[in-house]
Each structure stands twice: as structure tokens, then as C-alpha cells.
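What follows is a set of notes on a single structure, which appears directly below.
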Amino acid sequence: MEIELAAIAAGTVTLHDARRKAHRTVTLEPFEIGVYAVTEEQLGEMLGIAAEHPRRPAVEVSWQRAVAFCNAASEWDGLDPAYTFDGEDVTWHVDSDGYRLPTEAEWELACRAGSAGPHYGPLPEVAWTELDGVSHPQNVGGKLPNLNGTFDMLGNVWEWCWDLLDPARYADYRVFRGGGYADAEWSVRASTRRGGPPRSHHDDVGFRVARGGFDAVASAQGWSARADEERALWDGPVPLGWTPLGR
């Protein structure tokens, strides 16, 4: 099985936390990310099953299955797996150079490819959205790439990232990014965040892999375990219609 990767140079990206109405700028080290989302063929090869649509992005894949795929792909290629499992709990060993999910900071830096607007090109040229009137994900690589040479980072299917969405409100929900084939133009933007439970699966959510190991423990590329713990503690006024977990 071959996974084509694009090299992403070191850089900075500003992330937006809508609930806290806060921005944070993250400095990232170089890493690699999939040129394409993982396809049905690649997932099927790993599972030993035939792919009905080999070049379409694999969907109906939970976050848990996505991280398991990353470990399996690492073992396939003789790399140290990035993750260990303790029941439902997953630990990322950030010094591992095996395949893994990108952090959302990595994902956004790779998606933007130096652009400052919501899209890295005219949306009809770079992304499958509701404007195209399609009823399912399209083959990867059918629209124009961004300047990093990665395809479909906007539109076609949302993509799981490593990070928690908002632990104070949604507990273990994980982030997905990028927008899907049925989404309206306003929703398909480099900064848009959505998410779901790690065991959930959707017909418009897939994933792409990343690689890169870092000299750190429980913290890398805009993510840290400590920050997750801090974000899980609600200490501010409650927005209208919103109840933090545990209240």
C-alpha cells in the first residue's frame, strides 16, 4: 500500500475558538501530510476487503478506526506506531514517526498553503460542495490542489483530526475539518470546525494521515494534554441555551 505525502514547511497558523471568542497563534515544526484523503482502496487493502469505489475517499470511518488504520499502516511500512490503546483511551506518542492523524493546527496550516482567506482558491475549482449537486463523495484529486500540492482539503469529505472539539461541552468529541460534498459554500472554509464522538461515523467524514515525530511528551504541533485538561474546566459565564458538562 502506498500513501503519498506532501512536505509541509514550518510555519504559524492562527486558530479560532468560537465559544471562548479567543484566537491563538501556533508555531509548527515541519511535517508531512497526505496528498489525498485515505481512499476506499487503501482502507480495504488494510482490512482485506474489496473496495466498491477504489478512488473515493473512505467514509463511514470513525475516529477510532482512523487511528487504528494509522497504526496498521505504520506497521505495514515498518514504522513505530504513533498510538497505544487502553480500552477507549488513545495515547499519542509524539516522538513516533509513524502515520497518525494531523493536529487541527497542522491540518489548517496545510490547508491554507499560505492563503489568508477562507479558501485557497475559487471554491468551484478546488472543492466539491453543494454547488456541484453531487450525491456522494467524488474520486480524490478531481479538483485543483492547493500550493502545497494537497487535494480536496476543502469539500468532498470532512476529515478527522487528533484534537478534542470542546471538552467542556462535548467531552470526548473529536474535531473534523474541511467541509463535505453536500455542504453550503459558507460552511466550506479553512477555519470551520465540527466534530463528533470518536465511535461515530458519517457518510461525509473521512480522514488523511500525517507523519512527523517531535522531541516532546504529550504536547506537539498546537496540541497538549494539559491544554485539553484546562479546556475541560468551565470557568466562565454560560452562553444562552448552553450547559457545561456536569451541571
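The values are calculated or read from the model by the stated rules, or taken from the named source; none is laboratory data. Owing to the predicted nature of the structure, the values given are computational and were not obtained by experimental measurement. Note: ideal-geometry Cβ built from the backbone for every residue, glycine included; neighbour counts use all protein chains shown. The area values use the complete protein model at the heavy-atom level, side chains included, leaving out ligands, DNA and RNA. Shrake-Rupley method; radii C 1.70, N 1.55, O 1.52, S 1.80 Å.
The number of residues in segment 94-133 that are over 17 Å from Asp183 (Cα atoms), aliphatic (A, V, I, L, M) and not in a helix (DSSP H, G or I) comes to 4. Arg169 fulfils the conditions (1) open to solvent by 10 Å² or more (accessible area, probe 1.4 Å); (2) farther than 15 Å from Pro57 by Cβ; (3) in contact with a helix residue (DSSP H, G or I) (Cβ under 9 Å, 6 or more places away or on another chain) except for a single criterion, (3).
Annotation for segment 98-113: at least one member residue is out of contact with any strand residue (DSSP E or B) (no Cβ under 8 Å at 6 or more places or on another chain) and more than 22 Å from Asp204 (Cβ to Cβ).
Taking segment 1-74 and the strands (runs of 3 or more DSSP E) fully enclosed by it, the elements with 2 or more residues that are open to solvent by 40 Å² or more (accessible area, probe 1.4 Å) and among the polar types (S, T, N, Q) are at 11-17, 22-28. Each residue in segment 173-223 was checked for being surrounded by fewer than 16 Cβ atoms within 10 Å (Cβ to Cβ) and either part of a strand (DSSP E or B) or charged (D, E, K, R) (or both), and 4 pass. So, Cys111, is that one farther than 18 Å from Arg56 by Cβ, buried (at least 24 other Cβ atoms within 10 Å of the Cβ) and touching a Phe, Trp or Tyr at 6+ places or on another chain (Cβ under 6 Å) or not? It is false that Cys111 is farther than 18 Å from Arg56 by Cβ, buried (at least 24 other Cβ atoms within 10 Å of the Cβ) and touching a Phe, Trp or Tyr at 6+ places or on another chain (Cβ under 6 Å). Condition check for Glu88 on (1) within 17 Å of the chain's Cα centre (by Cα); (2) open to solvent by 70 Å² or more (accessible area, probe 1.4 Å): one failure, at (1). Of Trp158, Trp162, all but one fail to be crowded, with 24+ Cβ neighbours inside 10 Å and out of contact with any helix residue (DSSP H, G or I) (no Cβ under 8 Å at 6 or more places or on another chain); the exception is Trp158. Sub-8 Å Cβ pairs linking a first residue in segment 125-148 that is at positive phi to a second residue that is modelled with pLDDT of 95 or more and in a loop (DSSP other than H, G, I, E, B), at least 6 apart or interchain, are Gly141/Tyr36; Gly141/Arg55; Gly141/Phe151; Gly141/Asp152, ordered by first then second residue. The numbered conditions (1) at pLDDT 95 or above; (2) in contact with a helix residue (DSSP H, G or I) (Cβ under 9 Å, 6 or more places away or on another chain); (3) not aliphatic (A, V, I, L, M) are all true for Gly78 except (2).
Of all the numbered requirements in (1) crowded, with 23+ Cβ neighbours inside 10 Å; (2) modelled with pLDDT under 95, Thr103 misses one, and that requirement is (2).
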